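**Student:** Quick one: structure below, then a few questions.
Nothing in this text is a laboratory measurement; each read-out follows from the coordinates by a stated rule. Note that the structure is predicted; figures quoted are calculated from it, not measured. Note that each Cβ is placed from the backbone with ideal geometry, even for glycine, and that neighbours are counted across all protein chains shown.
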Amino acid sequence: MVSENASTSPTLFSIERLSVAFLRRRQSPFTAVREVTFTIREDETVALVGESGSGKSVTALAMMGLLPKYNADIASASRVVYQERNLLRNDDEAWRRLRGADMAMIFQEPMTSLNPVFTVGYQMAEVLRLHKGLSAAAAQARCVELLDEVGLPEPRRALARYPSQLSGGQQQRAMIAMALACTPRLLIADEPTTALDVTVQKQIVELLKTLKARHRMSILFISHDLALVGELADRIIVMRRGEIREEGTTETIFSSPRDRYTQALLQCRPRLDEVPSRLPTIDDFMAEVSAEPQKRLESAEPSPTPSSQGERGDSPPLLEVSQLKKSFFKREGLWRRHEIPAVKGASFTLRRGKTLGVVGESGCGKTTLGLTLLRLHRATGGTVRFDGQDVLSLSDEAFMPYRRRMQIVFQNPYASLNPRFTVGQSLLEPILLHRMAVGRSAATTLALDWLQRVGLDREAFDKYPHEFSGGQRQRIALARALTVEPELLVCDEPVSALDVSVQAQILNLLKDLQAQLGVSYLFISHDLAVVRYLCDAVMVMRDGEVVETGDVDSLYRNPQSVYTRQLLEAVPRGRNQGTA
Amino acid sequence: MTEAILSSVTTVAEKRGNGFWSLAWQRFRDDRVGLVSLVIVAAFLVVVLLSATGLVAGNWNQEVAIHDAPPDLWGLLKPAAPAVVENAMHQEQVTPTAESIEEWKNIEAMLSATVVDPLADTLQALGADHETVAVVKEKRASLPFGGDRWGRDVLSKTIKGSQTSIIVGLSAALLATLLGTVLGALAGYYGGRIDDALNWFYNVFSAIPYLLLILAVAAVLQQRGVTTVILILGLTGWSGVFRLIRAEYIKHRGREYVQAAHAFGVPNRRILFFHILPNVFHVVLVNISILAVGFIKAEVILSYLGFGVKVDEVSWGSMLNDAQGELILGRWWELVAAGGAMALLVTAFSLLTDAMRDAMDPKIQKAS
């Protein structure tokens, strides 16, 4: 996959001392990108890797001339050179001629990048008619060719469809086809697979590789996932806080990273082939460099050594689910209802103090399963026994004590906290509702105590959720769920929306809290590596059905079903992290 | 003084700093148009308050000047009309007034001639009293905003009229928003049959032409006046708010923070009004403002058509109705006063609404 001539081919794009600042009202400008310099050669895949806020997308947008004019300030010394011209001096018309024809971009969310009210064919033909001046018929023929090339089945029919009628992967293929319409020299792909499932991600990555080889174009691939980038990039540029930390060929970055941050990024992501008892975090690596000392939770250090490992399977069952079914009903006309099954009969057992991972691709029913267990959805059939009691048959009042014993943490920490509540209000409500403490002052003390246990300051109490980062918000959500001392915590993709480094912190925290409190987790995730790190047992789901259940080690080592094997193979392994 | 109020609010906002409302206020402060319109609307409200307590324009119904006194911004006492009017209108201008005075006198004469009243003496005394007052009182030849047919001060009428119009507009807006919010919240949050029933109710309501509905309500209530107009407007105007709030609740009821509250077993009532309502309250607020503007206009139209306030009350609408006939005679000032005041308030109110909406929606960024 490495182009032989990549290191010697002529430079296609060079970015010199690019600095971008965003003007803010009542505050000094925020520098998003600082003095970034790199080149992209012809026929080369360059990857920009970094966490959110590292400036990688801003860099790409600056190269496309797509930064908002009213608040983005590009330093005058910055240059983006293409064909011996500084593109940053371009006027709108010159940019328009360039975009689509010489450089094209695909985005993270294919759904929102395609216009929902036009057919895919119309949108693709528009590009061809504008840039190439093709007739409608010629454009149509070329579209079919392109869709065929990106591997969309039945291209002719796909052209007549609206974006919402295609799946996420198909949409992204259509986007790629549109980007390729005028055979650009450079394709900028901004997190093109982040919103997709692992198996689809693998297909898209393969597609990009093939297309690059066939058209001899360059790709600037932007991602937060170093392992993924390792599968297709020739060169990797690691960015953090608007600056380039390290640049090198993929081999050197993976085999001998010089920069601490790069090392940290490589280490802090859980892997399939190796399960450490604790994940290293960025802060462990950056300890000496970091300006603000991070407060680690001393109290939550795993004092009890994982002795629980020895008694695996011995603890009594906490949750016994059998043939749980959940269907949604869509109304058609006045009376008829159309049944859409989401969970088609799931059975499993979760033991006290253990973690069961539920794995599957989007739409497999894993989230519905979690919500149905907690009676946030009404089950269509089956039984759920919690501590021996059939909880689905209880009345709402009788179920109330179980609401305390079973809790949930959601995927999106930006949506799971009420934006108009202070953190204190969010924590006090469950405490007072379930009488975890008597009186307001005792409740406040308890809430502050929980904030501390999840690694937050007391000052957080009076702040609003929007003042916190994603990781901190997830800590708050965790503290809120734990205030009522639940025995079961359903974790619905709790780290999917977070950066890898933050992900490591939250995963460590979850492990520590389990060791302290003996709480059981039902851990729902699409990320097999994360599940491998955290869980004792795994359940694989597909289309609402349980495909395979088993002990974590045996399932990963020796997957029984074809589907599990496919999932495992699709996980990106980077360069030398593979099955060596 | 306004400055002082504003700056004190500012310091409070800077101290608290991070709540939704103080952030919105910080954004609002930067909007000069919004601030100016806020000051104008506030000024109107102060005037309404003063007039409602009778401190200002309490004597709007009294004859303080000569008939059709012309506007004169200096408000100086001038010799009576003939000196001012020299054009062809002169004759016609005087005649109708004279005729009506003549008529009044005739009626008075008839009354005193035909009715035998045991209280006649007392009435006579009162009448004498009245006469003395009338004689002592000096009628002004001109007024700042002019006078109407009966010599009433147009400025006072405008102020009293704005009291009626604004009180009607605001109260009807509050009533409609309250109804729309509560019903919309219930429909959006519970969905299912409750939603169906409320939607049906809403459809029926919005299918009836609202002028007909107003006539019907007026007929049922057997009376006209400010309260009736408020009730009519409030009861017919909630449907827009209902739709919006219902949509907001449908959006929010699936949000994870609501799910989290359900997971703790927080009662529905609390989720409805304590968890979700603050998150949609900016929509409610903007709607009160939009509705107030609409209802102020609606009241004017109703009163203009004669469906609105009673004859002994005054509103901008009834002023416009009065002014209509006088305009042909060249007396423009009542029309300008009522129309100008309404235009100023409605414009300021609309701009204030826009500014509020911008301030409360951080996603709207203005290109500068």
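**Student:** Average partner chain C-beta neighbours within 10 Å, per residue of B:272-284?
**Tutor:** 2
**Student:** Let me ask something additional. Just add up the charged neighbours of A:Pro317: K/R +1, D/E -1, any other residue whose Cβ is under 10 Å from the Cβ of A:Pro317.
**Tutor:** Net charge in that neighbourhood comes out at +2.
**Student:** What percent does the relative contact order of chain A come to when contacts are Cα pairs within less than 8 Å and at least six residues apart?
**Tutor:** Contact order relative to length: 15 percent.
**Student:** Distance from the Cα centre of segment A:313-367 to that of segment A:24-40, in angstrom?
**Tutor:** 47
**Student:** Next up: At 25 °C and 0.890 mPa s, what whole-number value in µm²/s does Stokes-Einstein give for the translational diffusion of segment B:283-338, with Rh from the Kirkwood sum over Cα pairs?
**Tutor:** So the translational diffusion coefficient is about 201 µm²/s.
**Student:** When only C-alpha pairs under 8 Å and at least 6 residues apart count, what is the relative contact order of segment A:62-203, in percent?
**Tutor:** That works out to 32 percent.
**Student:** Show me the ranking of peptides A:514-520, A:217-223 by mean Cβ neighbours inside 10 Å, starting with the highest.
**Tutor:** By packing density, highest mean first, the sequence is A:217-223, A:514-520.
**Student:** Using a Förster distance of 25 Å, how high is the FRET efficiency between A:Thr199 and A:Glu154, based on the Cβ-Cβ distance and rounded to 0.05? List each step's numbers first, then the result.
**Tutor:** Values: r = 20 Å, r/R0 = 0.82.
The calculated FRET efficiency here is 0.75.
**Student:** List the trypsin sites (Lys or Arg not before Pro) within segment A:423-509 that fall in a DSSP loop (any state other than H, G, I, E or B) and whose Cβ has at most 14 other Cβ atoms within 10 Å.
**Tutor:** A:Arg435
**Student:** Right, next: Counting only other chains, what is the mean number of Cβ atoms within 10 angstrom of the Cβ of each residue in peptide A:407-417?
**Tutor:** 4
**Student:** Evaluate the relative contact order of segment A:165-299 (contact order divided by residue number), counting alpha-carbon pairs under 8 angstrom at least 6 apart; express in whole percent.
**Tutor:** 15
**Student:** If packing is taken as the mean number of other Cβ atoms within 10 Å per residue, what is the order of A:481-494, A:201-214, A:88-101, A:537-550, highest first? Intermediate values should be presented prior to the final figure.
**Tutor:** Numbers: A:481-494: 22.7, A:201-214: 17.4, A:88-101: 13.9, A:537-550: 20.6.
Going from most to least packed, we get A:481-494, A:537-550, A:201-214, A:88-101.
**Student:** Still on this model: Would you mind computing, in nm to one decimal, how far apart the modelled labels at B:Asn59 and A:Arg565 are, each placed 7 Å from Cα along Cα→Cβ?
**Tutor:** So the label points at B:Asn59 and A:Arg565 sit 10.2 nm apart.
**Student:** What full-extension length gain, to one decimal in nm, is calculated for A:Glu545 and A:Ala136 as 0.36 nm per residue of separation minus the Cα-Cα distance?
**Tutor:** 142.7 nm
**Student:** Work out, step by step, the length gained on full extension between A:Asn86 and A:Ala442: first 0.36 nm times the residue separation, then minus their alpha carbon distance; give nm to one decimal.
**Tutor:** Details: separation 356, 0.36 × 356 = 128.16 nm, distance 6.43 nm.
Contour length minus Cα-Cα distance gives 121.7 nm.
**Student:** Using the structure shown, select from A:Lys56/A:Lys132; A:Lys366/A:Lys511; A:Lys354/A:Lys511; A:Lys202/A:Lys344 the pairs with a Cα to Cα distance greater than 19 angstrom.
**Tutor:** A:Lys56/A:Lys132; A:Lys366/A:Lys511; A:Lys202/A:Lys344
**Student:** Within 10 Å of each residue's Cβ, count the other Cβ atoms and sort B:Arg270, A:Arg79 from fewest upward.
**Tutor:** B:Arg270, A:Arg79
**Student:** Same structure again: Which order, highest average first, do A:399-408, A:147-156 follow once you tally other Cβ atoms within 10 Å for each residue and take the mean per peptide?
**Tutor:** Ranking, from highest mean packing down: A:399-408, A:147-156.
**Student:** Report the charge-dipole magnitude of chain A in Debye, nearest 20, computed about the Cα centre from +1 at each Lys and Arg Cβ and -1 at each Asp and Glu Cβ. Walk me through the intermediate numbers first.
**Tutor:** Values: 72 positive and 69 negative charges, 278 e Å.
The dipole magnitude comes to about 1340 debye.
**Student:** Another question, if that's okay. Using DSSP to define loop residues, name the GluC sites (Glu not before Pro) in segment B:266-368 whose beta-carbon has at most 11 other beta-carbon atoms within 10 Å.
**Tutor:** The qualifying sites: there are none.
**Student:** Now, a different point. Given R₀ = 30 Å, FRET efficiency for B:Leu213-B:Val311 by Cβ-Cβ distance, to 0.05?
**Tutor:** Given R0 = 30 Å and the Cβ-Cβ separation, E is 0.80.
**Student:** Work out, step by step, the length gained on full extension between A:Ser28 and A:Trp335: first 0.36 nm times the residue separation, then minus their alpha carbon distance; give nm to one decimal.
**Tutor:** Gain on extension, A:Ser28 to A:Trp335, equals 104.5 nm.
**Student:** Related question: A:Glu429: net charge of surrounding residues, Cβ under 11 Å, Lys/Arg +1, Asp/Glu -1, itself excluded?
**Tutor:** +2
**Student:** Across the Cα atoms of segment A:502-580, what radius of gyration and what greatest pairwise Cα-Cα distance (Dmax) are found, in Å?
**Tutor:** In order Rg, Dmax, the Cα atoms of segment A:502-580 give 13.8, 39 Å.
**Student:** Given a Förster radius of 56 Å and the C-beta distance between A:Ser315 and B:Gln26 as r, what FRET efficiency does 1/(1 + (r/R0)^6) yield to the nearest 0.05?
**Tutor:** For R0 = 56 Å, the calculated efficiency reads 0.55.
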